[in-house]
1. Look at residue 515 and say whether it is touching a helix residue (DSSP H, G or I) at 6+ places or on another chain (Cβ under 6 Å) and modelled with pLDDT of 95 or more.
2. If a residue counts only when it is within 16 Å of ligand 2 (Cβ to nearest atom) and buried (at least 21 other Cβ atoms within 10 Å of the Cβ), which helices (runs of 4 or more DSSP H) contained entirely in the stretch 245-355 have at least 2 such residues?
3. Would you confirm, using the coordinates I've provided, whether residue 121 is outside the structural domain of residue 322 (by TED's automatic domain parsing), surrounded by fewer than 24 Cβ atoms within 10 Å (Cβ to Cβ) and more than 16 Å from ligand 1 (Cβ to nearest atom)?
4. From the list 654, 659, exactly one residue is in the same structural domain as residue 672 (by TED's automatic domain parsing), more than 28 Å from residue 57 (Cα to Cα) and touching a helix residue (DSSP H, G or I) at 6+ places or on another chain (Cβ under 8 Å). Which is it?
5. Considering 223, 197, which residue is away from ligand 3 (no atom under 16 Å from the Cβ), buried (at least 22 other Cβ atoms within 10 Å of the Cβ) and in the same structural domain as residue 281 (by TED's automatic domain parsing)?
6. Check residue 187 against each of (1) within 30 Å of residue 340 (Cα to Cα); (2) within 14 Å of ligand 3 (Cβ to nearest atom) and name the one condition it does not meet.
7. Any idea which of 441, 491, 458, 448 is modelled with pLDDT under 95 and in contact with a strand residue (DSSP E or B) (Cβ under 9 Å, 6 or more places away or on another chain)?
Ligand SMILES: Nc1nc2c(c(=O)[nH]1)N[C@H]1C(S)=C(S)[C@@H](COP(=O)(O)OP(=O)(O)OC[C@H]3O[C@@H](n4cnc5c(=O)[nH]c(N)nc54)[C@H](O)[C@@H]3O)O[C@H]1N2
Ligand SMILES: Nc1nc2c(c(=O)[nH]1)N[C@H]1C(S)=C(S)[C@@H](COP(=O)(O)OP(=O)(O)OC[C@H]3O[C@@H](n4cnc5c(=O)[nH]c(N)nc54)[C@H](O)[C@@H]3O)O[C@H]1N2
Ligand code: SF4
Ligand SMILES: [Mo]
C-alpha cells in the first residue's frame, strides 16, 4: 500500500506541536514536525515519536478489564458499564453522593473529552473531587482570582515580543512552557536575545533554559518571595513604578508600598540566597526595559508560598506597566473565550472542607494531597479516576496504595494498568491517541499567539473502541438518577452521541469572538480549521484586561489584605528551615523534568527510557565531597516522611545545599501492566514529600520545599 501523511498535533504536553504522521501498511513509519503549524512551526521534541510507541504498545489495554485475584481479565463494554453503575449507585445509596470520589489527571486537559469529565463530575455531585491542578497551577489560579477577579485569568508571558524575559521556577527549554504555551521554547528564548533583548533565569539549578540566558541567578529554593519583595522595595523606593499605568489599572498601591518598605534587598538577601546588589539591579532593569515580563511556573507554584509568590510576580509586572501590554503579561483571545465568562463563575472558596476541616475547597475541588486520608478515614468508599496516576504523582506518605485497595469499588478510565489503576475493579481504556480526532479548544487560552488547530485521525478506531468522552458519557448515564429503561435501551446514550465534544466546540466557536454569529459568513468554522493542515493563526495577543477583569472596582488588586498579612509572616518558613536543619535534614529537595519523560507515563516506550538512569539525585560536588559520595553511587534520600534509594549524580549545575530528583518514577509495584517501565522502575520521589505541607492559600502540594538528608546506603 502507498504511504499517506496526516497532519495533527502531538497532545502529550501543553505545547501541542503540529506533527506529520506517515503511515504505510497500517504502521507509523515516520513522525516529524509540521512546518506549516501556526504555533510550533515545525518544532517537535523527542517525545512526539512516542505516539507511535504508545499506539503499538502491546501493554496498552484495548478492551475493558475486570480484576480477578491479582490479575485482570477482559470483559465486554456493556457488562462493564452495567456492573459499574450497579456498584456506584449502591455506594451512593448507602453513603451519599460524596462517598464517591473522583480524580482527574493531567492528560484529561489535553483533549476536548475533558468536557465530559466535567459533566461526570457534575453528575456525581460529590464534594470529593480532585484533579492534578492541586499539584500544579492552583496557586496561579488563586492569585489570579484575588487580583483579577477570576481564576481563569492567569496571564500569559508575551515571549515573542518582549525585550526582557525573566523566568523563575520554570524550565521551558525542557517543558516547552506551561500556562504560556510555547512550543519550540528554545528558539523563542534565543529570539529574545537575537532581537537585542535580555533573558534572565532565576532557578536553584543551572537548567537547560539557564544555559540559553544572559544571566542565571541561583536563588535558594523557596527564596523567591523574598527576592520579589526586595525587587518591589527598590521599584517603590526608587520611584521606578509606572505611576500613570498603575493609577489607571490598579488598586492598593499604598498598601503595597507600606508592605515592601520593610523588605530592603539588604534585609532579604540571605533568605533569598541572592546578593542585595543583584536584587537591586534586577528591579532597575525590569523597570528600564522597553517591555519586560516575569514568567513563573512550577518551581515557585508548588511551594508553601505558591500563591504569595505568584501574586508578587504579577505585581512586579503590573507596577512596571507590563500587564496587558505587548511584550508583558497578556491574556489571549481564544476561539472559545472562556475567560470572558470567568468572572461570572463563582470560585466558592471554602464552600466545603476536607474531613479534618483544614483544607478548603477551591472552585469545587479539594486538594489532592488529602485524597489518601479521606479514603482511609472512610469519607470516600468508591473512586473514579480518569487519566491520572496519583500514586506516583502526588504526596500521600506512600499510603494511597493501601487506601485504594480498601475501597468498596474503584473504576479507572486509563489505557494502562498503572501503579494507581492496578487497584481498580474495572479499567476502561480509550482508543489510542492516533485513533482520535480533536480540536484544541482549551490550550489557546494560554497560548503565546491566538490560534485554532485541528487533529485528524491517523487510524480508524478499532471496532468497539471508545473515546474518553464516550466512556465518560456512559458513566454519566450510569450515575444519573434515570429510569432503568433510559439506561438499558440506550436512549440517554444516543442523546449524548448528538453532543460530541467536537460538535459542542463547533457551537462554542460559532458563538466566540471569531465565530459566524459575530463575523458572519467570514467567521471561523471547524471546517475552515480542518482544511488548513497547520491550523489557523488568529494573530498576536491583544490588550483586553478592561473587558475581562472581574474585580468589584474593575481594578487589579495589588494588595489583598490576607496576602499582605502572609507576606509579613514570611519568617515562618525560615523557622521551619531552622527546625529541619536542627533535626539533621540539611538539604532542600526540588524537582526536575527531562525532555524524554512526561510525568509518570511515557516510561513504557523503549525509546523514551533508553540511555543512562534518569531517576537520580542531582547534587553539587561540594555537598557530595562533604558526605564522601561518588558520582553514580546509590544513596538514601530521607525526609521526615519517607526514604528512597537512588544513584547520586554529581554536578556543579545545582546550587549547594539543594538536590533535585525527578517525579513520576517508581514502577516496581507488583501487578503493574507496563513491563518496560517496570524493568527500569526508578523510585517514587513523592514518598518524601509531606502531604500536610501545602500552599497556604490554595492547598496545592508544596513539593519543592522538602528538607531531606542524604546518606550512604548502609549494608
Ligand atoms: N519533557 C517534559 N515536558 C513537560 C512535562 C514533563 O513531565 N516532561 N510536564 C508538563 C507539565 S504537566 C507541566 S505542569 C509543565 C511544567 O513546566 P515547568 O514549570 O517549566 O517545568 P519544571 O521542569 O517543573 O520547572 C520547574 C523549575 O523550577 C525550579 N525550581 C525548583 N524550586 C525552585 C524555587 O524555589 N525557586 C525557583 N526560582 N525555581 C525553583 C526547578 O529547578 C525547575 O527548573 O511541563 C510540561 N512539560
Ligand atoms: N514531586 C512532584 N510531583 C509532581 C510534579 C512535580 O513537579 N514534582 N508535577 C505535577 C504535575 S505538574 C502534574 S500535571 C501531575 C500529573 O499527575 P497525574 O495527572 O496524576 O499523572 P500522569 O503521570 O500525568 O498520569 C497520566 C495517566 O493518564 C493516562 N493517560 C494518558 N493519556 C490518556 C488519555 O488520553 N485518556 C485516558 N483516559 N488516560 C490517559 C496514563 O496512562 C497515566 O496513567 O504530576 C504532578 N506531580
Ligand atoms: S513539546 Fe514534545 S511532547 Fe510536547 S507537544 Fe511538542 S512534541 Fe509533543
Ligand atoms: Mo502539570
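The values are calculated or read from the model by the stated rules, or taken from the named source; none is laboratory data. Because the structure is predicted, anything quoted here is derived from the model rather than measured. Methodologically, a virtual Cβ is constructed for each residue, glycine included, from the backbone with ideal geometry; neighbour enumeration extends over all protein chains shown.
1. Numbers: touching a helix residue (DSSP H, G or I) at 6+ places or on another chain (Cβ under 6 Å): yes; modelled with pLDDT of 95 or more: yes.
It is true that residue 515 is touching a helix residue (DSSP H, G or I) at 6+ places or on another chain (Cβ under 6 Å) and modelled with pLDDT of 95 or more.
2. On the way: elements: 253-260, 265-272, 276-288, 298-301, 306-319, 338-342.
Where helices (runs of 4 or more DSSP H) fall fully within the stretch 245-355 and carry at least 2 residues being within 16 Å of ligand 2 (Cβ to nearest atom) and buried (at least 21 other Cβ atoms within 10 Å of the Cβ), they are 298-301, 306-319.
3. On the way: outside the structural domain of residue 322 (by TED's automatic domain parsing): yes; surrounded by fewer than 24 Cβ atoms within 10 Å (Cβ to Cβ): yes; more than 16 Å from ligand 1 (Cβ to nearest atom): yes.
Against the criterion (outside the structural domain of residue 322 (by TED's automatic domain parsing), surrounded by fewer than 24 Cβ atoms within 10 Å (Cβ to Cβ) and more than 16 Å from ligand 1 (Cβ to nearest atom)), residue 121 qualifies.
4. Working: 654 fails: touching a helix residue (DSSP H, G or I) at 6+ places or on another chain (Cβ under 8 Å).
After applying the criteria, what remains is 659.
5. Values: 197 fails: buried (at least 22 other Cβ atoms within 10 Å of the Cβ).
It is 223.
6. Here residue 187 clears every test but (1).
7. On the way: 491 fails: in contact with a strand residue (DSSP E or B) (Cβ under 9 Å, 6 or more places away or on another chain); 458 fails: modelled with pLDDT under 95; 448 fails: modelled with pLDDT under 95.
Unique residue meeting the criteria: 441.
For (1) assigned to a loop (DSSP other than H, G, I, E, B); (2) within 16 Å of ligand 1 (Cβ to nearest atom); (3) on the phi > 0 side of the Ramachandran plot, each residue gets a yes or a no:
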| position | (1), (2), (3) |
| --- | --- |
| 37 | yes, no, no |
| 43 | yes, yes, no |
| 50 | no, yes, no |
| 54 | no, yes, no |
| 58 | yes, no, no |
